[in-house]
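All remarks here apply to the structure that follows.
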Amino acid sequence: MEHKISLYQVALQQLDDAAKLINLDPNIHEKLKYMERILIVSVPILMDDGSLKVFQGYRVQHSTVRGPGKGGIRYSENVNMEELKALAMWMTWKTALLKLPLGGAKGGITVNIKKLSPRELEHLTRRYTVEILNLIGPTRDIPAPDMNTNSQTMAWIMDVFSMHRGETTPGVVTGKPIEIGGSLGRNRATGMGLYFIIREMANKMGYKFLELKYIIQGFGKVGSVIAEELFNVGCKIIGTSDSTAGLYSPDGLNIRELIKWKKKGNSFKDYQEKGVEIIEKEEILTKTCDVLIPATTENQITSENADKIDCKILLEGANGPTTPAADKILEERGIVVIPDILANSGGVLVSYFEFVQDINAYFWDLERINNEMRKVLLKALEDVYHVAQERNISLRKAAYVLAVSNVAQAIKLRGFYP
Ligand code: NAD
């Protein structure tokens, strides 16, 4: 049995590994272990039945040394400080790996949104925004959508911030609706990024990417988009899942139909189609495929199931889906893991493009967004691949070597204040 460690301990372990590989200055290492700022807020909401409920909200900034904090806001019953600290630290590495002038942050509210009415959800978001108002801003910290939040959530945050500042400030969040300063392509960016990366990586490994068989765990903002992109070019997606069930079909699932099914508010457990088997959601991870894409939440691939994972490439759509113990097992078994901080960085990249467009009040067309995204992501993949080959280390370790070095260099140049 894997010794249960918190997500933050996982993040610290990854930092320690990288520190050894790059011979990191111990003072810089010490600084990077800690969050710069943590804010815990109470979010009181008058519910529809007239009772008052208080929810716990957070905003955590790990590093702003390379630029304003950047990171999503998630609404989930599982949101807790240890998780957010890890996610904020991973955002620092993600922005540094892509050399974006941004830092790492994360936030959220511990809440089950299924139990809230639309009015309660809006009030929760607006009140949370007021509580974290002094921490966020286009030059301070720029939130974005994450699990169970979306462009509407960002529109409410942007509105509250703008009302309080007395000036419309689109740059306070990314992932906004297009009509109020959002970017084309943002909604699909993380999935598109996964698509660019897997196509290139399959090529590098000598596979024909169109002939590979894919399994995607999760069918949300990330999972459904990578599924659709692969399906549109003719790839076979033989399995997927949502929080209710897994769907498996060796002949390939009709992703377009599944998207329609989910849009109507249905669950996979009720999906009926000839040739499609309904299985337990956990089972989907251990079915044989070429490329496995976890796109739900963290800690899905652990020492309990790592030896049963049966794929050639693991493409991390989610943040932190693989525990360090599982990572080791996969490495020993020769499964190539494309790490989260590289694989799913298309989202933060187009968030950055949105930020740039807001500052310039000039908006790009989709072709430009996708071209620039492909260029930056493939360069990052090339850099990571090169370091991995040169030093004979995993892609994850190589990505960390580059990301942590970039942050360390910024700390060195700025020095320790005072
Ligand atoms: P989402 O809320 O849109 O989707 C999550 C999906 O996972 C839903 O379909 C849900 O039903 C499903 N799910 C939850 N638990 C499950 C389980 N045990 N088995 C199978 N399915 C399950 O969230 P998202 O935005 O797609 O984010 C998914 C992951 O990707 C998270 O780890 C997030 O941090 C990461 N991520 C998201 C973005 C982004 O732009 N949205 C960017 C980078 C990384």
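Stretching ILE5 away from VAL130 to a fully extended chain increases their span by 41.7 nm, per 0.36 nm per residue minus the current alpha-carbon distance.
Under a Gaussian network description of the chain, with springs only between Cα atoms under 10 Å, the residue in SER76, SER51, SER303 that fluctuates furthest is SER51. Treating each Cα of segment 161-248 as an identical point scatterer and ignoring solvent, apply the Debye formula and state log10 I(q)/I(0) at q = 0.25 Å⁻¹. For segment 161-248 at q = 0.25 Å⁻¹, log10 I(q)/I(0) is -1.19.
Please work out the C-alpha center-to-center distance from segment 366-412 to segment 166-196 and express it in whole Å. So the two Cα centres are separated by 23 Å. Taken about its Cα centre, the chain carries a charge dipole of about 680 debye when Lys and Arg each add +1 at the Cβ and Asp and Glu each add -1 at the Cβ. Working from Cα pairs under 8 Å separated by at least six residues, relative contact order for the chain is 16 percent.
Looking at the chain as a GNM with Cα springs under 10 Å, which of THR168, THR125, THR296 has the largest mean-square fluctuation? Comparing THR168, THR125, THR296 in the GNM, the peak value goes to THR168. The length gained on full extension between LYS274 and ARG140, counted as 0.36 nm times the residue separation minus their Cα-Cα distance, comes to 43.0 nm. Here the peptides 260-270, 99-109 are ranked by packing, the mean other Cβ count within 10 Å, and the order with the highest first is 99-109, 260-270.
Annotation: the chain has a Kirkwood hydrodynamic radius of 21.7 angstrom, from the mean reciprocal C-alpha pair distance. From helices alone, the chain scores -13500 deg cm²/dmol at 222 nm; the rule is -39500 (n - 2.57) for each run of n ≥ 4 DSSP H residues, then divide by the residue total. In the calculated pair distance distribution of segment 235-376, what percentage of Cα-Cα distances lie above 17 Å? Result for the distance tail: 67 percent. When the Cα gyration tensor is reduced to axis lengths a ≥ b ≥ c, the ratio a/c is 1.5 or higher for segment 198-318, and with a/b not above b/c it is classed as oblate. Once the Cβ-Cβ distance between TYR362 and MET47 is put in as r, and R0 is 35 Å, what FRET efficiency do you end up with, to the nearest 0.05? Efficiency at R0 = 35 Å is approximately 0.25.
Gyration tensor over the Cα atoms of segment 291-368: the corresponding equivalent ellipsoid has semi-axes (square roots of 5 times the eigenvalues, largest first) of 34, 11, 9 Å. Simple rule: put +1 on each Lys or Arg Cβ and -1 on each Asp or Glu Cβ in the chain, find the dipole, and look at GLN272, GLY182, PRO339; the Cα lying farthest toward the positive end is GLY182.
Using equal-weight Cα scatterers in the Debye expression, the normalised intensity of segment 35-168 in log10 at q = 0.10, 0.19 Å⁻¹ is -0.30, -1.04. Full extension of the chain between ASN392 and LYS328 yields a length gain of 21.6 nm, computed as 0.36 nm times the residue separation minus the alpha carbon distance. Placing unit charges on the Cβ atoms only, positive for Lys and Arg and negative for Asp and Glu, gives segment 189-343 a dipole magnitude near 540 debye about its Cα centre. Centre-to-centre separation between the Cα atoms of segment 25-96 and those of segment 239-283: 33 Å.
Sorting the segments 229-240, 29-40 by their mean number of nearby beta carbons within 10 angstrom, highest to lowest, gives 229-240, 29-40.
The numbers here are math on the coordinates, done by the rules we state, and not lab data. The shown structure was predicted, so the numbers you read here are calculated from the model rather than taken from an experiment. Ideal geometry is used to build each Cβ from the backbone, glycine not excepted, and the neighbour counts take in all protein chains shown.
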